[in-house]
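Reviewing the structure listed below.
Nothing in this text is a laboratory measurement; each read-out follows from the coordinates by a stated rule. Everything numeric here is computed off the predicted structure, so don't read it as measured data. Because the Cβ atoms are built from the backbone with ideal geometry, glycine has one as well, and the counts that use them run over all protein chains shown.
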Amino acid sequence: MKIMVCPLNGPRNITEFVCGGDVKAVPDPAACSDAEWTDYLFIEDNIAGEVDEWWLHTPSNTWFIARRNTLTDEILATMTVADYFDSKRSAADAVAGAGGAA
């Protein structure tokens, strides 16, 4: 049995989860073309290796982010949406701070 750790509910059987696709930047719907919006909605990068994906724990209706290796199907980490975007924001701030100090 394959187990995934839900950030809210802990370790659960993988059958309780649904993958929502890659985490990617949302284009501005008021400014992007129909082709750009369609690509955002329907086109996945299909990366071989580590990817960040949206996952849903269906019994609790909890969305979260999982880092998964698509070559081995190993789930490397799971985190709440807030923790994921906080870590991305902190990393971007660190890069901006390092660039400003040079």
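Computed about the Cα centre, the dipole magnitude for the chain is approximately 420 debye when only Lys and Arg (+1) and Asp and Glu (-1) carry charge, each at its Cβ. Across all Cα pairs in segment 3-101, the calculated P(r) in 10 Å bins from zero up to the longest distance comes to 14, 36, 34, 15, 2 percent per bin. Annotation: peptides 33-43, 81-91, ranked by per-residue average of other Cβ atoms within 10 Å with the highest first, follow the order 81-91, 33-43.
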